[in-house]
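The values are calculated or read from the model by the stated rules, or taken from the named source; none is laboratory data. This is a predicted model, so every value here is computed, not measured. Heads up, the Cβs are rebuilt from the backbone with ideal geometry, glycines too, and the neighbour counts pull from every protein chain shown.
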Amino acid sequence: MQKVEAFIKSHRLDELVQVIQQINGVTGMSVTDVRGFGRGRPDGGRELSKKTKIEVFCKDDLVDIVVSAIEEAAHTGLRSDGKIYIIPVGGAVRISTGRRGKDAV
């Protein structure tokens, strides 16, 4: 089980949601508005840029598909398109059913 976490330009969110929803086996995703800075700091770093954080928890066999979908949907070819991180998940519990591990995803 993996967590795919991406920071993207906010205006790319609608397209990304459509692409993720079409991936068979992805059961959900979380979206958060965030502010921060990276290498492409606006105004020399005095101001934080607005981004959108996407979190998708998925089974190992879906990671490459999810990452490719995010990469394609978020790509503009311009600076500050964002980053994607892949983080191993040690476990999960579905509170409503008590299912654990990959059955909880």
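What the table below lists for this structure:
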| quantity | calculated |
| --- | --- |
| Count - residues of the range 26-38 that are under 22 Å from LYS59 (Cα atoms), of a type outside the set (Val, Ile, Thr) and at pLDDT below 95 | 1 |
| Looking only at the range 1-21, and only at residues there that are under 27 Å from ARG94 (Cβ atoms) and touching a helix residue (DSSP H, G or I) at 6+ places or on another chain (Cβ under 7 Å), the one that is modelled with the lowest pLDDT | MET1 |
| Close pairs from the range 14-37: first in contact (Cβ under 8 Å) with a residue 24 or more places away in the chain and of a type outside the set (Val, Ile, Thr), partner part of a loop (DSSP other than H, G, I, E, B) and surrounded by 11 or more Cβ atoms within 10 Å (Cβ to Cβ), Cβ under 7 Å, at least 6 apart | GLY25/LYS59; GLY36/LEU48 |
| Pick from the range 66-93, criterion surrounded by 13 or more Cβ atoms within 10 Å (Cβ to Cβ), more than 12 Å from the chain's Cα centre (by Cα) and not acidic (Asp, Glu), ranking: nearest to GLN18 (Cα to Cα) | HIS75 |
| Test: residue in the range 70-78 that is within 23 Å of MET1 (Cβ to Cβ), touching a strand residue (DSSP E or B) at 6+ places or on another chain (Cβ under 8 Å) and modelled with pLDDT under 95 | no |
